[in-house]
Amino acid sequence: MGSYADEINKRRTFAIISHPDAGKTTLTEKFLLYGGAINLAGSVKGKATARHAVSDWMEIEKERGISVTSSVLQFQYGGFCINILDTPGHQDFSEDTYRTLMAADSAVMVIDASKGVEAQTRKLFKVCVMRRIPIFTFINKMDRDANDTFELLDEIEKELGIATCPMNWPIGSGKSFKGVYDREDKCVITYSDTEKGTKEGQALQIPITDEDALVSNIGEQFKEQLMDEIDLLDGASAEYDLDRVRAGELTPVFFGSALTNFGVEIFLQYFLKMTTTPLPRKADVGLIDPVENEFSAFVFKIQANMNKAHRDRVAFMRICSGRYDANMEVKHMQGGKVMRLSQPQQIMADERKILSEAYAGDIIGVFDPGIFSIGDTLCMPKDSFQYEGIPTFAPEHFARVRQLDTMKRKQFVKGITQIAQEGAIQIFQEFNTGMEEIIVGVVGVLQFDVLKYRLENEYNVEIRLDNLPYEHIRWIENKDIDLDKLSGTSDMKKIKDLKGNPLLLFVNPWSIKMTEDRNDGLILSEFGRN
């Protein structure tokens, strides 16, 4: 058991969240650079010839320069084995991000120093609060003109409702960015620019007591300003308290520039000291301890066609306890079957590595012959428990899908069903028909573009989407309601999901209450269940 506990205790699993363009992908690449996983950080945006970010692999992501799917990246650094879950920043993919956060033990929030807290950060942050996971903040792009530092911290506290504790403090910004003051070591680390994507940068460390060296490196004016701000800080900011950080009540804040590679390694070193080993998880039999229990995992993401040549489906699972061995048999609780997991692998963007073993905290991808669903539990054949399900978000946009070539019916049904099983879109049918009339629901409209693109490129099927006016969907909780006799409103539509469960679509929000009032005992719910 000893080595097995050591391996688990080395694991750190976190998700990176941010608004689009805050620099999350660049930061991820610099982490990998320090871990030796890549030698040169690729430029993320820009000309068609530029290298694509390591974590973006789907063609549409490369074309648009946005992360659509969550990638999983693993690297070693300083005796730790680190699993990074990269999440899409675009709000139309918030559901994918939510599921990814279910698989992480902590989150790193990247904020653009000139923009502060943006809409998407707010939404994702609420998910972290719901899960009570520790949040670490990296305020990025200090090499550009930034907002006032005190105002940035104030905004995080007001907008997100969490106390802040700056671990270091920036000196200037933009062209006059001089570096950061490390509050623990009481020294100034001078700014050096290594934009070429290498990790060698010459940063000087000057003790705060060495006034002559400070003045010659950052100038009299910045030195005076820094001294004043340090006094203010010591009186105004929250005390660093690791227990509060781990309870998700206090966020340690760091400043730097991911692009020029300044402040990234400092952040990584502090982060690894503060973040936790894999945490126990809640199941229907109580908490499952990562070290005390044998292998168990849950599926948080399914992705079809990661490898164009093989038309495969990969189920991503977070290992919650114990050690996984590629030869072992495991039980798929929802399917009730004992099986060997097929082609267990770790995936770094589009590169794969077949695994012989993995431990609690790791994320593995396994070949899915179509049996796994998001939220499924796997455990040892002798065990019997299920992890908490992952709620399904209610779609807010709906469209009727029409295929342009009716001869390709088979590919169309296969394609749309597989993409729906990944959880990014939900598909429904008209109440009294089969698969002839398909309605697709999404959380964000960009998902419609992704669906169209993927059906054409991966399944060779062209479709037309006709937008529908509905904005509200409700699942019917009662099993005994006769839908034919249901008395609704004129803007209501009856549909069913793929499992045959009845649902109602509404144009207007007030029609929901009206329908409940007209049908005695009817219970409508905003969440579906996996």
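The values are calculated or read from the model by the stated rules, or taken from the named source; none is laboratory data. In this text, all values refer to a predicted model and were calculated from it rather than measured experimentally. Note: ideal-geometry Cβ built from the backbone for every residue, glycine included; neighbour counts use all protein chains shown. In case anyone asks, the SASA skips ligands and DNA or RNA and just uses the protein heavy atoms, side chains included. Shrake-Rupley method; radii C 1.70, N 1.55, O 1.52, S 1.80 Å.
One table, with the values for the structure above:
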quantity	calculated
Residue tally, condition open to solvent by 40 Å² or more (accessible area, probe 1.4 Å) and modelled with pLDDT of 85 or more, over region 77-93	3
Within region 461-515, tally of residues that are open to solvent by less than 20 Å² (accessible area, probe 1.4 Å) and among the aromatic types (Phe, Trp, Tyr)	1
Whichever residue in region 353-372 is modelled with pLDDT of 90 or more and in a loop (DSSP other than H, G, I, E, B) and, among such residues, is surrounded by the fewest Cβ atoms within 10 Å (Cβ to Cβ)	362
Output for region 247-279, where each listed residue is within 19 Å of residue 131 (Cβ to Cβ) and in contact with a helix residue (DSSP H, G or I) (Cβ under 8 Å, 6 or more places away or on another chain)	248, 250, 251, 252, 274, 276, 277, 278
Any hit, region 319-326, residues being open to solvent by less than 10 Å² (accessible area, probe 1.4 Å), over 22 Å from the mean Cα position of the chain (by Cα) and modelled with pLDDT of 90 or more	yes
Residue among 27, 32 that alone is assigned to a helix (DSSP H, G or I) and at pLDDT 85 or above	27
Conditions (1) at pLDDT 90 or above; (2) assigned to a loop (DSSP other than H, G, I, E, B): number failed by residue 150	(2)
Scope region 479-499; condition modelled with pLDDT under 80, assigned to a loop (DSSP other than H, G, I, E, B) and not acidic (Asp, Glu); matching residues	479, 481, 498, 499
Verdict on residue 177 being hydrophobic (A, V, I, L, M, F, W, C), farther than 25 Å from residue 98 by Cα and surrounded by fewer than 18 Cβ atoms within 10 Å (Cβ to Cβ)	no
The lone exception for residue 10 - which of (1) basic (Lys, Arg); (2) at pLDDT 70 or above; (3) farther than 22 Å from residue 133 by Cβ; (4) open to solvent by 40 Å² or more (accessible area, probe 1.4 Å) it fails	(3)
Residue match in region 199-207 (condition: part of a strand (DSSP E or B), within 27 Å of residue 25 (Cβ to Cβ) and modelled with pLDDT of 85 or more)	no
Any hit, region 234-252, residues being over 23 Å from residue 11 (Cα atoms) and open to solvent by less than 10 Å² (accessible area, probe 1.4 Å)	no
Pick from region 239-294, criterion part of a helix (DSSP H, G or I) and of a type in the set (Asp, Glu), ranking: nearest to residue 164 (Cα to Cα)	243
